[in-house]
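Student: First the structure, then my questions, so here it is.
Throughout, read-outs are computed from the coordinates displayed, never taken from laboratory work. These numbers were taken from a predicted model, which means no experiment stands behind them. We place every Cβ from the backbone using ideal geometry, glycine too, and count neighbours over all the protein chains shown.
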Ligand code: PRP
């Protein structure tokens, strides 16, 4: 039986960019362009099988070995700390994790800070290092509303263009970490499918060098 490389792609614009990189690297799978709602595509000729998964789930598929490799944002890797190898920074999907607040926010360091976020772990680590007492309010989306409605003092969230903050009269008060898309691998796949994975990473490195020239 042929060894297939199973690849979890994050559904959406970032995933399409990633697929184009993989296609150029010699891991094409023409059926992926079919206009249907299928989620799994394979090209046995190139030993490759792609899955479209929710971006925040990519690391779960890879950690459990349901996918050999995948592409996940550094935000997800920092938040969930999956047991995978981080092989490469793909230098796409760039944004940053930041603390934001209302423009007139005054930080009284004597008080426990109320922080709304989807990224509980990143938030705990960040304020833990600063030695600051916080209460975390875990939300699943539309985080920007929390300080406006008085649910929290600040938010910890992803800022890409800054438009969402601006349109809600919020501003960045501190940057926590730069984020970008990372190629990740299941640990045992990295051993057992190393030649396929290495071929892919070599080709992608070449592409990235060319685009930097
Ligand atoms: C993220 C983030 C912000 C927005 C920032 O949300 O939570 O709301 O993008 O982007 P901007 O700086 O370019 O305005 P996303 O669209 O990923 O979805 P979410 O609401 O599920 O977090």
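Student: Got the relative contact order for the chain handy, in percent, Cα pairs under 8 Å and 6 or more residues apart?
Tutor: Normalised by residue count, the contact order of the chain is 27 percent.
Student: Among DSSP beta bridges whose residues both lie in the range 95-178, state the antiparallel percentage, nearest 5.
Tutor: Expressed as a percentage, antiparallel bridges in the range 95-178 total about 60.
Student: Continuing with the same structure: Would you mind calculating the relative contact order of the range 1-48 from Cα pairs under 8 angstrom and at least 6 residues apart, reporting the percent as a whole number?
Tutor: Once divided by the residue count of the range 1-48, the mean separation gives 45 percent.
Student: Okay, moving on. Starting from the Cα-Cα distance between residue 149 and residue 42, subtract it from 0.36 nm times their residue separation and give me the gain in nm to one decimal.
Tutor: 33.7 nm
Student: Next up: Given a Förster distance of 35 angstrom, what is the FRET efficiency for residue 20 paired with residue 173, based on the Cβ-Cβ distance and rounded to 0.05?
Tutor: 0.45
Student: Based on other C-beta atoms within 10 Å, arrange 102, 2, 206 from fewest to most.
Tutor: By the 10 Å Cβ count, ascending: 2, 206, 102.
Student: So what does the Cα-only Debye profile of the range 95-178 read at q = 0.12, 0.18 Å⁻¹, as log10 I(q)/I(0), no solvent term?
Tutor: For the requested q values the scattering log ratios are -0.29, -0.68.
Student: A further question on this structure: So what is the 222 nm mean residue ellipticity for the chain from helices alone, if each DSSP H run of at least 4 adds -39500 (n - 2.57) and you divide by all residues, rounding to the nearest 500 deg cm²/dmol?
Tutor: Computed ellipticity for the chain at 222 nm equals -9000 deg cm²/dmol.
Student: Provide Rg over Rh for the chain; use the alpha carbon set for both Rg and the Kirkwood Rh (inverse mean inverse pair distance).
Tutor: Ratio of gyration radius to Kirkwood radius: 1.05.
Student: So in the chain, what percent of DSSP beta bridges are antiparallel if you round to the nearest 5?
Tutor: Antiparallel bridges: around 65 percent, rounded to the nearest 5.
Student: Please express the shape of the range 1-50 as an equivalent ellipsoid: the semi-axes are the square roots of 5 times the eigenvalues of the C-alpha gyration tensor, given largest first in whole angstrom.
Tutor: 17, 13, 10
Student: Once you've got the GNM for the chain with C-alpha springs shorter than 10 Å, pick whichever of 59, 67, 25 has the biggest mean-square fluctuation.
Tutor: Of 59, 67, 25, the most mobile in the Gaussian network model is 25.
Student: Right, next: Just to confirm the number: angle between the C-alpha axis of helix 120-130 and the first principal axis of the chain, 0 to 90 degrees, nearest 10?
Tutor: 60 degrees
Student: Also, I was wondering about something else. Taking the Cα atoms only, what angle lies between the long axis of helix 13-24 and the longest principal axis of the chain, rounded to 10 degrees?
Tutor: 30 degrees
Student: Most fluctuating residue of 66, 100, 44 in a GNM of the chain with Cα springs under 10 Å: which is it?
Tutor: 44
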